[in-house]
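Worksheet: one structure, shown below.
Values quoted throughout were computed directly from the atomic coordinates according to the rules given, and no laboratory measurement underlies them. Worth saying up front: this structure is predicted, and the values here are computed from it rather than measured. All Cβ positions, glycine included, derive from the backbone under ideal geometry; neighbour counts span all protein chains shown.
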Amino acid sequence: MPLEAIIAAQQEWASSRWPSHTDRRAPSLSANLISLMSSEVYAQFSAGSGGELGTANRSGKMSSLRSSSALAYNFFAPWLGHDLRPLAAALGHQVNDRTMRFERKFPHGLSSMPPNMDVTLDNEQASPLGIECKFTEPYGPKKSHPPLDQKYFAGDRERWSEQGLTQCQKLAEEIGKNIEFKHLGVGQLLKHLLGLAWTTKHPPRLLCLWFDSGCEEAREHRAELDRFSAYLGGEVVFGAMTYQEAFAALRKGPEPMSGYFDYLTSRYFSA
């Protein structure tokens, strides 16, 4: 299922809900979500720097049928206020509290804005679990990912090594130069790892959760995740899992809200 097929599947889902709808955006933000967004979660997305919610004059990215943040919300938000251990177990992790946040920023020691973490669990623990969520990003035409901005190396600083992440430092210095990735945004992942380590002073926990379309690009993306993990050499707790794998694991237990399984199946996992 290449990019256009994923988009077509989302449009087909949309037309089943709104028969006269043909746009690649949902009729509204709320229409694109499994449940009404609480004021607390709205504030979290509003504080993010990705323009997900939009403005009074312009729709945000989250209204797109192919939005990765909408998929992340639809997958995770129904678990808010529930025991998160079944969710974490489906993701191959353990958690010690019931906290979940969207778009959390982990300061990384630079004066510039750190990137937003799509979802974070165990926010009150010494080593929270950061989750980077991808939907259609691995698919379609790609340019080689550029090197990390020079600000990460200004003054001959070795920012990752300073946090005990020597393998990350080596990769940060080589990415986009002697080491290339086509589908995987390695620079973004390295920034997340730096932020987690700098903020918590503990070995980072980072999960890349992605949508497996089953096409050749998906197989290439999976291979790049394996290659990225190998470069890290075990100095961080890094893992990758598909939404399909996580959803299959979740279906073995109770759903957090009525209609959760049916919604996700019909919209994302029917194939």
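Once you sort the root eigenvalues of the Cα gyration tensor of the range 1-157 as a ≥ b ≥ c, which label holds: rounded (a/c under 1.5), prolate (a/b larger than b/c) or oblate (the other case)?
Working: a/c = 1.73, a/b = 1.25, b/c = 1.38.
In terms of gyration-tensor shape, oblate.
For the Cα atoms of the chain, what angle does the longest principal axis make with the long axis of helix 3-17, in degrees from 0 to 90, nearest 10?
Once rounded, the angle reads 40 degrees.
Which value, in debye to the nearest 20, describes the size of the charge dipole of the chain about its Cα centre when Lys and Arg Cβ atoms bear +1, Asp and Glu Cβ atoms bear -1, and nothing else is charged?
Values: 29 positive and 30 negative charges, 71 e Å.
Here the chain has a charge dipole of around 340 debye.
Express as a percent, rounded to the nearest 5, the fraction of DSSP beta bridges in the range 3-267 (both residues included) that run antiparallel. Present the calculation step by step, with values, prior to reporting the outcome.
Values: 10 of 23 bridges.
So the antiparallel bridges amount to about 45 percent of the total.
If you average the alpha carbon positions of the range 93-134 and of the range 149-181, how far apart do those two centres end up, in angstrom?
Comparing the Cα centres of the range 93-134 and the range 149-181, I get a distance of 21 Å.
Pull out the extension gain between S46 and D262, defined as 0.36 nm times the separation in residues minus the alpha carbon to alpha carbon distance; nm, one decimal.
Numbers: separation 216, 0.36 × 216 = 77.76 nm, distance 2.85 nm.
Full extension of this stretch gives 74.9 nm more.
Lysines within cross-link reach of K61: Cα-Cα under 24 Å, excluding same-chain residues under 8 positions apart?
Correct list for K61: K105, K134, K142, K143, K182, K191.
Under the rule of at least 5 residues apart or a separate chain, name every residue whose amide H is placed under 5 Å from the amide H of R25.
So R25 has HN proximity to L65.
Sorted from fewest to most neighbouring beta carbons within 10 Å, what does the list V95, V237, V119 look like? Provide the component values of the computation, followed by the final result.
Working: V95 20, V237 16, V119 23.
Lowest to highest Cβ neighbour count: V237, V95, V119.
Search the structure for amide H atoms under 5 Å from the amide H of K105, placed 1.01 Å from N in the peptide plane, and list their residues when 5 or more places away or on another chain.
Amide H neighbours of K105, under 5 Å, 5+ apart: M117.
Could you derive backbone 3J(HN,Hα) for the range 79-86 from the dihedral phi with the Karplus parameters 6.51, -1.76 and 1.60 (θ = phi - 60°), listing whole Hz in sequence and x where the residue is Gly or Pro?
7, 4, x, 9, 4, 8, 5, x
Which angle from 0 to 90°, rounded to the nearest 10, does the C-alpha axis of helix 216-232 make with the longest principal axis of the chain?
Once rounded, the angle reads 30 degrees.
For the range 7-74, what does the equivalent ellipsoid look like in terms of its semi-axes, each the square root of 5 times an eigenvalue of the Cα gyration tensor, given largest first in whole Å? Display every interim value, and only then the final one.
Working: eigenvalues 91, 29, 23 Å².
For the range 7-74, the ellipsoid semi-axes come out as 21, 12, 11 Å.
Could you pull the Rg and Dmax for the range 3-267, using just the Cα atoms, both in Å?
When restricted to the Cα atoms of the range 3-267, Rg and Dmax are 18.5, 58 Å.
Most exposed first by the Cβ proxy, i.e. fewest other Cβ within 10 Å, how do M241, M100 rank? Don't jump to the answer; show the numbers that get you there.
On the way: M241 19, M100 24.
Fewest-to-most Cβ neighbours within 10 Å comes out as M241, M100.
Could you give me D for the range 146-271, from Stokes-Einstein at 37 °C and 0.692 mPa s, where the hydrodynamic radius is the Kirkwood radius over C-alpha pairs? Units µm² s⁻¹, please.
Numbers: Rh = 16.4 Å.
D = 200 µm²/s.
D for the range 73-205, whole µm²/s, Stokes-Einstein with Kirkwood Rh over alpha-carbon pairs at 37 °C and 0.692 mPa s: what number? If you can, show how the numbers build up before the last one.
Numbers: Rh = 16.0 Å.
D = 205 µm²/s.
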